[in-house]
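Values in this text are rule-based calculations from the coordinates and carry no lab data. Everything quoted here is computed from the prediction, not taken from an experiment. In this analysis, Cβ positions are derived from the backbone assuming ideal geometry, glycine residues included, and neighbour counts consider all displayed protein chains.
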Amino acid sequence: MKPTKKSYNIFSWNVNGIRSVLKKGALQNLISTFSPELLCLQETKAKPGQAETDFENYEEFWNSADRPGYSGTATFTKIPPLEVNSDFTPEKPIEDTYGSPLSEGRVLTLELPEFYLVNVYVPNSKPDLSRLPLRKNLWGPAFSAFLRELDSKKPVVVCGDFNVAHKEIDLARPNTNHHHAGFTDEEREDFTNLLSSQTSQDTPFLLDTFREKHPEKIQYSWWSHWGHARENNVGWRIDYFLISSRLKKHLLSATIHDDILGSDHCPISITLEF
């Protein structure tokens, strides 16, 4: 008798305020329609108890920002985690004039039997690029080192809003955005470095799951509120599922759910089978 395979249907969504998507019924609809084993939310803008989120069969974990109504991550799981960690401890402080992103609820990690699930909301570089130095010189190297440390123990699945369109295919108007936040050379290079080859072998550290399954597909996960961008599909792909290379054989699908409304981002998902 063959052993039963285990599937993980994992969703990620920058909800731009969990209370807002709950009021619209959008989060409830997603859970009732797809019933994911794991659901990672970014930009929750709330603390536990400030939103009605008692979903049946789900255990919930939060990493809320110190500042009220700002940033934050939350993960809802049907699978009891082995361990849960909020944020990470870098070798040197990560801080700028805006403060420390580690006080903004940006990273939440669950250890599961087969992998670590890292829910992340990467700091935005700001329209004037005033947070780009932190993003490139402090956050990027520290977050990469954190993921590599986890990966030395078991594979990682990293999902969330990375606030960068990696390639020109990942946004509608690359020619006019090369020096704008989310598509600067520095941010794109930082993302490339995150995926980059390991020192011991010529294989990528992390894989962009959507590009693994859809190498040439043009589809976006975020749209500006201005100029009817979503109606005209003038968007950016800045939300990602990244997986350790050795999980490639377990990746069944990677999907952008751009038909789901409720936020300026849409949900994304992957299915893994073990």
How many residues does the stretch 72-91 contain that are out of contact with any Gly (no Cβ under 7 Å at 6 or more places or on another chain) and part of a strand (DSSP E or B)? 8
Among all residue pairs at least 6 apart or on different chains, which show Cβ distances below 7 Å where the first residue, located in the stretch 166-187, is of a type in the set (Ser, Thr, Tyr) and the second is in a helix (DSSP H, G or I)? 184/132
Only one residue in 131, 67 is touching an Asp or Glu at 6+ places or on another chain (Cβ under 9 Å) and more than 25 Å from residue 27 (Cα to Cα). Which one? 131
Listed residues 181, 172, 145; which is touching a strand residue (DSSP E or B) at 6+ places or on another chain (Cβ under 8 Å) and either more than 21 Å from residue 272 (Cα to Cα) or not hydroxyl-bearing (Ser, Thr, Tyr) (or both)? 172
